[in-house]
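Please read the structure below before turning to the comments.
The values are calculated or read from the model by the stated rules, or taken from the named source; none is laboratory data. Model, not experiment: these values are computed from the prediction. Note that each Cβ is placed from the backbone with ideal geometry, even for glycine, and that neighbours are counted across all protein chains shown.
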Amino acid sequence: MLTCRALWKKLAPLARASSTVCRQNVRRAGRTPLCVPVAHMSTGPVGGGGDNLKYALLVGAAFVGGLTYAVITVKGDQERHRERMAAIASRKQKSASQIHTEPLGELSPAAAPDAEAAAPTADSKPSLPSHAPYLLIGGGTASFAAARSIRARDPGAKVLIITDEPDLPYMRPPLSKELWFSDDPSVTETLRFKQWNGKERSIYFQPPSFYIDTEELRSAENGGVAVLTGRKVVHMDVRGNKVKLDDDMEISYDKCLIATGGVPRNLQVIERAGEEVMKRTTVFRKIDDFKSLDKVSRNTQSITIIGGGFLGSELACALGRRSTESGLEVIQMFPEKGNMGKVLPEYLSNWTTEKVKKEGVKVIREAVVKSVSYKDDKLEIKLKDGRVVRTDHIVAAVGLEPNVDLAKSAGLEVDSDFGGYRVNAELQARSNIWVAGDAACFYDIRLGRRRVEHHDHAVVSGRLAGENMTGANKPYWHQSMFWSDLGPDVGYEAIGIVDSSLPTVGVFAKATAKDTPKAATEESGTGIRSESETEETATSAVAPAAPAPVVEHRDEYGKGVIFYLREKVVVGIILWNVFNRMPIARKIIKDGEEHADLNEVAKLFNIHED
Amino acid sequence: MSYCKQEGKDRIIFVTKEDHETPSNAELIADDPDDPYEEQGLILPNGEINWNCPCLGGMASGPCGSQFKEAFSCFHYSQEEVKGSECLEQFRSMQECMQRYPDLYPQEEDKENPPSAESGGSPAADGSVLLSENDSSSVASPDSVSAADG
């Protein structure tokens, strides 16, 4: 391109000039086939043949001179251009060879600092590595867990995380739980929360000093984890082992993890309802969503949450708590018969709904939204059965759409039953490509093919992917768990397949005041239960809570354990207000045995003890 | 007395403390401690350190990961009478590194045990505080880690 342009620029005036000269020459030589009127120049030479010859020679010389000049200039330009391209190419080559001299695996020696990288480039953009040995697409929980796993197993590993969010990796559960219960008015800025034992922590997995700059990744002696924020991977070339970003930047990799999570779904009726409605609707997943919902909750009178699952119910309870101070009206509506209707058996779902109501939430059951419109400065939600709800703001918590944008360009299989990228038991999609977290539809040796959207699964699968990316070849085996707290009185931990359509057997005892999530965390000293099962900093021993007076709950389902069965085998367990027994539950699922009497199995949990 | 009710496909059993006093006759399959699929604790069956143990937190993967690994490996394999006494250099370089990242490795000077030259100095104590994590998913109990000594 450069050549042509330069060439043309240089040649054009000369071409024009020479063509005129040429034309004039031709005319003078009388070779034109057409009858062109001879231009008689007023000052032109009029003379004999001798004069003509001299003139012709002069013009000829000028023409040749011009042509020579043109050729020389163009050649010079070409030369300069070639030199420049060579310089850029050599720079790239030098840095590429720098990285490739480091062998992968456990025996990588430290690389000499790359002096070339220090040289400022002509571009104003920060220099990014053109190659990352470990490339992690997505900057969430699974990605961070994988990065940690890789760094632990491959000394000196260089890991590059690319995320389209502006934030470093953070944990999601507090966004709909602990952060709402914080007393600190600046919590939306600090994103820190105090745990029950007084210990504070940030939602970010690690502070910024843990990570290295993307510029340093190439030369870091002991490797490190670099995070590239605000960039999206738009294309994946599996054959060439490289990806392309949204700014056309290309990065090649040796091993790649796709941990792109998902995008919250919205209701179609809302998406079609126009801008005024969309402006007043939030979907909830990221830090920004938390900040904006916090702001909204202080500035409106009525919020409606559509969705009765984990997220919807947790947000409803969190906002319901606020409503007692601020007079905010909190409504929750869903198509099921009760909160967590797809997870808990009906009797428990009903009981939970009553608890949610006690948190100050107006619960509207069996509500299917027919249309939403903006009228008289309020949102009007019309339900299929005729009921109408008027509110100021809507939060849609109706599920997650797994992000499989790269499937097409990468040629990766997408699962039609569960969504997400289809991977094997070792979380591998194709050679050198693994998938973990919400976006992975994987084969669970025990429970069959599934896709799990929970925090602990992201941690477990991220770790496993990291292990397998460093040569472990282990299948998904350690069952992940999940938990939910609905207010201070109702908390449960669960593991396996917990689907309310399965037959269940529940074994219950009466609860005392000691059997609450609050008491559980105080006792085990693990702060928030986001930590008790997953890795994190240790906590110092906490003095046990003073014995509380025994309070009999009016309801029957104080605490217990619920088994979910598939053909007489326990595939899922919920520990209802019974804590720190997850290893036993995990064991029962792992065994996969048929138990004749589940009451006997329930004995293993000691539900009457603390 | 326990009683039972059935709501459709869901069975509900209520039990008193006495009902559950008799030991369970439910059979569980014995665990294989060398099962390669299982999550391992801090020390692998072959005696090596499992750097990926959740109990280590981010110690082995952070900016001071390699220093930590060297120091801890030296300590782990130390055969000296006073374990880790030959590892002072590694622990020192680890501590130096950690001091460069105060918000990653909080300098808890008050909490650590009085630094004793025998057990490898304060970083070992710091390490043991971090290792005594109440992690129900790790197989090895923190006490099995000899760094908890001293």
ask   = Just checking, how many residues over the range A:592-606 are closer than 22 Å to A:Leu344 by Cβ and either among the polar types (S, T, N, Q) or more than 7 Å from every other protein chain (Cβ to nearest Cβ) (or both)?
value = 4
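So for the range A:174-183 (the condition being assigned to a loop (DSSP other than H, G, I, E, B), out of contact with any Asp or Glu (no Cβ under 8 Å at 6 or more places or on another chain), in contact (Cβ under 8 Å) with a residue 60 or more places away in the chain and not polar (S, T, N, Q)), does at least one residue qualify? Quick ask: steps written out before the conclusion?
First pass over the range A:174-183, keeping only residues assigned to a loop (DSSP other than H, G, I, E, B): A:177, A:182-183.
Add one more test, that the residue is out of contact with any Asp or Glu (no Cβ under 8 Å at 6 or more places or on another chain), and what stays is A:182-183.
Now restrict to residues that are in contact (Cβ under 8 Å) with a residue 60 or more places away in the chain: none.
No, the conditions are met nowhere in the range A:174-183.
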request  = Residues being polar (S, T, N, Q) and over 22 Å from A:Arg566 (Cβ atoms): count how many of those fall in the range B:1-20.
outcome  = 2
All positions within the range A:263-276 that are surrounded by fewer than 18 Cβ atoms within 10 Å (Cβ to Cβ) and of a type in the set (S, T, N, Q) = A:Gln268
ask   = Counting only residues that are of a type in the set (Lys, Arg) and free of Cβ contacts under 8 Å to residues at least 12 places away in the same chain, which one in the range A:212-248 is nearest to A:Ile287 (Cα to Cα)?
value = A:Lys244
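Conditions tested, residue by residue: (1) of a type in the set (Val, Ile, Thr); (2) modelled with pLDDT under 85.
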position	(1), (2)
B:Met1	no, yes
B:Gln6	no, no
B:Lys9	no, no
B:Val15	yes, no
B:Ser24	no, no
B:Ala30	no, no
B:Asp34	no, yes
B:Leu42	no, no
request  = Go through the range A:387-423 and give me each residue that's buried (at least 20 other Cβ atoms within 10 Å of the Cβ) and of a type in the set (Lys, Arg).
outcome  = A:Arg422
request  = Filter the range B:32-46 down to residues that are of a type in the set (A, V, I, L, M, F, W, C) and either part of a loop (DSSP other than H, G, I, E, B) or within 19 Å of A:Gln479 (Cβ to Cβ) (or both), then give me how many there are.
outcome  = 2
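Looking at the range B:47-70, is at least one residue aromatic (Phe, Trp, Tyr), surrounded by 14 or more Cβ atoms within 10 Å (Cβ to Cβ) and not in a loop (DSSP other than H, G, I, E, B)?
Of the residues in the range B:47-70, the ones aromatic (Phe, Trp, Tyr) are B:51, B:68.
From the residues that got through so far, the ones that are surrounded by 14 or more Cβ atoms within 10 Å (Cβ to Cβ) too are B:51, B:68.
Subsequent filtering for residues that are not in a loop (DSSP other than H, G, I, E, B) retains B:68.
Taking every residue of the range B:47-70 in turn, at least one turns out to be aromatic (Phe, Trp, Tyr), surrounded by 14 or more Cβ atoms within 10 Å (Cβ to Cβ) and not in a loop (DSSP other than H, G, I, E, B).
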task = Collect the residues in the range A:564-591 that are more than 9 Å from chain B (Cβ to nearest Cβ), under 21 Å from A:Gly448 (Cβ atoms) and either of a type outside the set (Gly, Ala, Ser) or in a loop (DSSP other than H, G, I, E, B) (or both), keeping them in residue-number order.
result = A:Tyr564, A:Leu565, A:Arg566, A:Glu567, A:Lys568, A:Val569, A:Val570, A:Val571, A:Ile573, A:Ile574, A:Ile589
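Which is surrounded by fewer than 16 Cβ atoms within 10 Å (Cβ to Cβ) and under 30 Å from A:Asp288 (Cβ atoms), of A:Lys358, A:Lys375, A:Lys384?
Details: A:Lys358 fails: under 30 Å from A:Asp288 (Cβ atoms); A:Lys384 fails: under 30 Å from A:Asp288 (Cβ atoms).
Every option except A:Lys375 fails the conditions.
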query = If a residue has to be part of a strand (DSSP E or B) and more than 7 Å from every other protein chain (Cβ to nearest Cβ) to count, how many in the range B:1-29 make the cut?
reply = 4
task = Tell me the strands (runs of 3 or more DSSP E) entirely within the range A:380-464 that contain at least 2 residues that are over 27 Å from A:Tyr253 (Cα atoms) and in contact with a Cys (Cβ under 9 Å, 6 or more places away or on another chain).
result = A:448-451
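Could you pull out every one of the strands (runs of 3 or more DSSP E) wholly within the range A:197-262 that has 1 or more residues that are exposed (fewer than 14 other Cβ atoms within 10 Å of the Cβ)? Steps first, answer last, please.
Numbers: elements: A:200-202, A:224-228, A:233-237, A:242-245, A:250-258.
Where strands (runs of 3 or more DSSP E) fall fully within the range A:197-262 and carry at least 1 residues being exposed (fewer than 14 other Cβ atoms within 10 Å of the Cβ), they are A:200-202.
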ask   = When residues of the range B:71-86 are filtered for being surrounded by 23 or more Cβ atoms within 10 Å (Cβ to Cβ), more than 16 Å from the chain's Cα centre (by Cα) and in a helix (DSSP H, G or I), how many remain?
value = 1
remark   = Taking the range B:37-46 and keeping residues buried (at least 18 other Cβ atoms within 10 Å of the Cβ) and at the interface with chain A (Cβ under 7 Å from one of its Cβ atoms) leaves B:Glu39
query = Of A:Ser484, A:Ser500, which residue is at pLDDT 70 or above, away from every other protein chain (no Cβ under 12 Å) and closer than 26 Å to A:Val460 by Cα?
reply = A:Ser484
